[in-house]
Structures are given as C-alpha cells and as structure tokens.
Amino acid sequence: MKSFIPIAILTALLPAVAMAQAPGRQKRTVTDEEVMRVHRSTILIDTHNDVTSFTVDGMDIGKSSAPAHMTDIPRMKQGGMSAQFFAAYVAASYAKDNRSADRALQMIDTVLHDIVEKYPDEFLFVTSSSGIRKAHEQHKIAALIGIEGGHAIEDSLRLLRDFYDLGVRYMTLTHANSNGWADSSGDANKPNNGLSPFGKEVVREMNRLGMMVDVAHVSDKTFWDALETSQAPIFSSHSSCRALADVPRNMTDQMIAAMAKKGGVIQINFSCGFLKAGAGAAGSIGGAPRATLADVVKHINHVVEIAGVDAVGLGSDFDGITCAPEGLDSVDKWPNLTRALLEEGYTAAEIRKIYGENILRVMAAVEQIAEQTAKQMR
C-alpha cells in the first residue's frame, strides 16, 4: 500500500527560495582573512569521492599521496573538509556472474575498516544529517557511504535493505551501464525505457528506508521517472550543467529546475569534460584548454540563475576523474573556491548553503519522510 505524506510536511521540507531568481551580484576583492573566516564557518560536504577504489587495494589514506591521488587525510584537513561521502563504486564488470553485491560489500568495508577504523581520530562514521553536525562539533570529518551503481543490489530489495543496515545512505540508480530496472545515460540501448515497475519499487523502498535517491549517471527518462516516483527530494551526487557542457551525464535546465522545485540539489562535478566543452580526460581535446576553477563557478552561477542558491552543492568526483580543474584539483584546494565565490559576490550565508546546508536539508527531508512513513505503517 502506498503511504501518504501530508502536503504540509512536504511543503515544509522544500527550500524557501528554491526557485527564486539569482540576485544581482557585484564582483569584489577579498582578503585572505575573510576567505578563511568564511571557509571555517561552513560545513563542507563533498557528496562523491572515489578514493575508495584505491584504499580497497591497499592505498593508505593517512599518508600524503600527491600527485598520485587527489585525496588523503593531510590534504582533507588542509582543505577544511567537514564531511565526505565515499563512493562504494561497483564497476559494470561485476554484474557478470552476480558479483556486484560482493564488490559493494568490499567497498563498504574499505570505508569502515581502511578509513574510519584505521583513523578514528580523524573520521567519525555517520549515517544521518545530525551525525554530520555531530562530527563537525567534534572537529572530525564525517565519513558516509553512497553506493554507485544500482546493479549492486542484484535486483533484490532484501540486499538494498542490507546495504542500508550497513550504513549506506544514498544509491546512484545506475552507473554507465543500465541494470535490470533502470536505464543509464551511458547506454544507447535504454532497455527499460526509464525505470521499470521494479525500479519504481526500488525508489519507493529507498524512500521508506531513508536512503537518498541519486540520479547521477541515469538516462533522462530514468530521471523523470525517479522524480515522479519519489516522495522525498532526489539529488545528483556528481553532475554538472548540460547547458554549459553538452554531455549526457550533465543535467538539463529543465531537470535542475524540476528537481529543485521538489527540494533536490545538483552537486557540481569537477571533471574537466563535464565543466568545459572540449576539455577531456587528458586535460584537453584538439588543443582545448583544461577546465579551471572559474568554470566551476560558472556552473554554480548557472544553477543559481535558473533554480536558486538552494539548488546547488558540491560533488567533486575526486579520484574518480583523470582531469580536475586548475585551481581546484585536490581536496586541499577548497579554500580557492571560497575565495572565488566571495569574489563573485556570494555572501557567507549563501556559501554555507552551497557547501553543506543544502544537502543537509535534503538528507533531513529524506529522513523525515522515512520516519513519517514508518509511523503511518504501524
């Protein structure tokens, strides 16, 4: 039976100015002191990092790994990070012979064992929006898990529930491959024509559990199906704007606006090719320059212009990409973005929204709807 969420509750969960037009901004100069004061006032949350693909094979996140990797503890501290969603990435190859769930368990374990358990003074494993705030109060980095690739559940709601019990708090419905119930932006065949009936069951079960629905990597039809099916806000953990870089992995203006209207957030991806037309894995294609910090700001500006400042956040995809923007190419460079946004005319309050408060709002909404659903089912 489909549970009913009172409209008053949904209205309360939506951002107050999600669809407001971006106010006019005046560029200005800022001091180092102001940059760091504002930066330290934020709860800086990155919703997608793939360093787990290396820690699972023995990389030590506690040691400086530059230039081999974009992420390690010394640079996370230097960058002033508050929370990191670590990706439990399951490559499409694991779908063969039903090895996806096993790989997902390995990726979950590397977060729990190789990162949090190994470095308890630096990380606190959390599973809620309040947990992120608690970690911040303790001056630790909140560690969270998001599964990347819905094939990880092997078409089983029981496995989905098991992953939730292990601490997974979002799942990207697809990766570059379609699965048995959802189509990917990377698959030309589109076998499900969006979400299958079972795919809609998956979304509803994620709502019931309190797991965020992530639409990074999905096809356009899957996005619209997920938005219609989900009672809770949905989000993209690492996508950018298709109007500025025309690739299928990015979101159209219509998608961004519709997702924002329902309380969702697009977390800007730092991959060069998703930020700047022509920039690719090696940093350039046909002589096109590498993407820069300014390109990241352009994507943030674009979302704000079409959907409001409550609709945008940060999902770097560090260590899952081979080209990151100049000036923002590792986890120690976050203050550079703070400076750029201040210079662009953003206020400290707006930067706090972009850095963490927007995704915290989404998490809290997902949690509240799950709690309300549980009450109605008793």
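Below, the figures for the structure above:
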{"quantity": "Count of residues meeting criterion [more than 21 Å from Leu314 (Cβ to Cβ) and either among the hydrophobic types (A, V, I, L, M, F, W, C) or surrounded by fewer than 24 Cβ atoms within 10 Å (Cβ to Cβ) (or both)] in segment 212-230", "calculated": "8"}
{"quantity": "Counted residues, segment 207-232 - those being assigned to a helix (DSSP H, G or I), over 19 Å from Asn250 (Cα atoms) and touching a residue at least 24 places away in the same chain (Cβ under 8 Å)", "calculated": "4"}
{"quantity": "Index of the failed condition, His238 passing every other in (1) under 26 Å from Thr71 (Cα atoms); (2) touching a Ser or Thr at 6+ places or on another chain (Cβ under 6 Å)", "calculated": "(2)"}
{"quantity": "Helices (runs of 4 or more DSSP H) (entirely within segment 264-378) containing at least 1 residues that are of a type in the set (Phe, Trp, Tyr) and in contact (Cβ under 8 Å) with a residue 60 or more places away in the chain", "calculated": "334-344"}
{"quantity": "Test: residue in segment 143-155 that is more than 24 Å from Leu314 (Cα to Cα) and surrounded by fewer than 23 Cβ atoms within 10 Å (Cβ to Cβ)", "calculated": "yes"}
{"quantity": "Condition met for Arg169 (under 19 Å from the mean Cα position of the chain (by Cα), of a type in the set (Lys, Arg) and either buried (at least 17 other Cβ atoms within 10 Å of the Cβ) or outside any loop (DSSP other than H, G, I, E, B) (or both))", "calculated": "yes"}
{"quantity": "Selection count where residues are of a type outside the set (Gly, Ala, Ser), in contact with a helix residue (DSSP H, G or I) (Cβ under 8 Å, 6 or more places away or on another chain) and part of a helix (DSSP H, G or I), scope segment 72-102", "calculated": "2"}
{"quantity": "Every residue from segment 1-49 that is of a type in the set (S, T, N, Q), modelled with pLDDT under 95 and more than 19 Å from Asn301 (Cβ to Cβ)", "calculated": "Ser3, Thr11"}
{"quantity": "Enumeration of residues in segment 25-36 that are under 19 Å from Asp332 (Cα atoms) and in contact (Cβ under 8 Å) with a residue 24 or more places away in the chain", "calculated": "Glu34, Val35, Met36"}
{"quantity": "Of all residues in segment 88-129 being of a type in the set (S, T, N, Q) and in contact (Cβ under 8 Å) with a residue 24 or more places away in the chain, the one that is farthest from Leu160 (Cα to Cα)", "calculated": "Ser129"}
{"quantity": "Which listed residue is modelled with pLDDT of 95 or more and closer than 25 Å to Ile45 by Cα, from Gly150, Gly194, Gly180", "calculated": "Gly150"}
{"quantity": "Residue that is surrounded by the most Cβ atoms within 10 Å (Cβ to Cβ), among those in segment 312-368 that are within 25 Å of Lys261 (Cβ to Cβ) and polar (S, T, N, Q)", "calculated": "Asn358"}
{"quantity": "Any hit, segment 142-150, residues being under 24 Å from Leu227 (Cβ atoms) and acidic (Asp, Glu)", "calculated": "yes"}
{"quantity": "Flag if Ser156 is touching a residue at least 60 places away in the same chain (Cβ under 8 Å) and among the small types (Gly, Ala, Ser)", "calculated": "no"}
{"quantity": "Output for segment 117-142, where each listed residue is surrounded by fewer than 19 Cβ atoms within 10 Å (Cβ to Cβ) and over 19 Å from the mean Cα position of the chain (by Cα)", "calculated": "Glu117, Lys118, Tyr119, Pro120, Asp121, Glu122, Lys134, Glu137, Gln138, His139"}
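Yes/no matrix, rows are residues, columns are (1) buried (at least 18 other Cβ atoms within 10 Å of the Cβ); (2) not in a helix (DSSP H, G or I):
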| residue | (1), (2) |
| --- | --- |
| Asp162 | no, no |
| Ser178 | yes, yes |
| Gly186 | no, yes |
| Asn189 | no, yes |
| Phe198 | no, no |
| Glu205 | no, no |
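The values are calculated or read from the model by the stated rules, or taken from the named source; none is laboratory data. In this text the structure is predicted, and so the values were computed from the model without any measurement. Cβ sites come from the backbone with ideal geometry, for glycine too, and all protein chains shown count toward neighbours.
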